[in-house]
1. What shape does the chain take by its C-alpha gyration tensor, where a ≥ b ≥ c are the square roots of the eigenvalues and a/c under 1.5 counts as rounded, a/b above b/c as prolate, and the rest as oblate?
2. Would you mind telling me which residue in Val34, Val45, Val116 has the biggest mean-square fluctuation in a Gaussian network model of the chain, where springs connect alpha carbons within a distance under 10 angstrom?
3. Determine the shape class of the stretch 1-64: with a ≥ b ≥ c the square roots of the Cα gyration tensor eigenvalues, call it rounded for a/c under 1.5, and otherwise prolate if a/b is greater than b/c, oblate otherwise.
4. Shape of the stretch 70-165 from its Cα gyration tensor (a ≥ b ≥ c, root eigenvalues): rounded if a/c is under 1.5, otherwise prolate when a/b > b/c, or oblate?
5. Kindly state, to the nearest 0.05, the FRET efficiency for Tyr68 paired with Asn123, given R0 = 22 Å and r defined as their beta-carbon distance.
6. What trypsin sites (Lys or Arg not before Pro) does the stretch 143-185 have in DSSP loop regions with at most 12 other beta carbons within 10 Å?
7. Based on the Kirkwood radius over alpha-carbon pairs, what value in µm²/s does the Stokes-Einstein equation return for the translational diffusion coefficient of the stretch 1-127 at 10 °C and 1.306 mPa s?
8. About the Cα centre, and with charges only on the beta carbon of Lys, Arg (+1) and Asp, Glu (-1), how big is the dipole of the stretch 3-217? Nearest 20 debye, please.
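Only the coordinates and a few stated rules stand behind these numbers; no lab work does. Quick caveat, the model's predicted, so the values are computed rather than measured. Positions of Cβ are backbone-derived with ideal geometry, glycine not excepted, and every protein chain shown enters the neighbour counts.
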Amino acid sequence: MSRIILIASQKGGVGKSTTAVNISAVLADQGHDVLLVDSDRQASVSEWWAERKLNHPDNPKIACIQKYGEIDDTLVDLGKRYGYVIVDVTGRDSEEMRSAMVVADILLTPVKASQVDINTLPNMCKIIKQSRLINKNLVAYAFLSIAPSNPKINEIEQAKRTILEFPELILLETVVFDRKIYRDCMADGLAVTELKGRADSEVAARKETLALVEEILHGQI
């Protein structure tokens, strides 16, 4: 059974591309045929993939294409050929996001624990409701991304309470914290789960990523 997983947000800078590549690497490591669809003209996913192909040819293979505009028909076709199709779209209301949402199995929305990001959720939920008129089986998850690691900051719990007020979204327990290791891996064409170090940041990032995939797919990978 193939699955189309859309990573989308109404705001940039929330870790969409980072989430897309790390999920893809976990699934590829599990032996699945994985395709990354880069529908963000910033092309961060494509750059990560090119770096990976050049410098890490022995790592689990992940395919990647760029596709813009109305992408729904393309995603349906690709879903017949790959076990997982992971779609990264630009951080705003776009043609790519709306067309992908009507065929995706799973929508994953990273949200930063800030009022600016929380303010984008009402419109996101409106689009989800509209998409479900066509795609009744769409499952929409939200999770806190690039979260502050300072335990004295209570923004995380405040953001969680607010997200729970939106019935269109299922809030995941996993929180992905703001760690430099994610940015380093993005530049190097690697996933955090592919690092072998024992530094606290590496271990924590691996656990976060694996927990995120586990929650999204309920362990069925």
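1. Since a/c reaches 1.5 but b/c is at least a/b, the shape of the chain is classed as oblate.
2. Top of the fluctuation ranking is Val116.
3. It comes out oblate by the Cα gyration axes.
4. prolate
5. Step by step, r from the Cβ atoms, then E = 0.55.
6. Counting only loop positions with at most 12 other Cβ atoms within 10 Å, the trypsin sites (Lys or Arg not before Pro) in the stretch 143-185 are Lys152.
7. My calculation gives 108 µm²/s for D.
8. With Lys and Arg at +1 and Asp and Glu at -1, about 220 debye.
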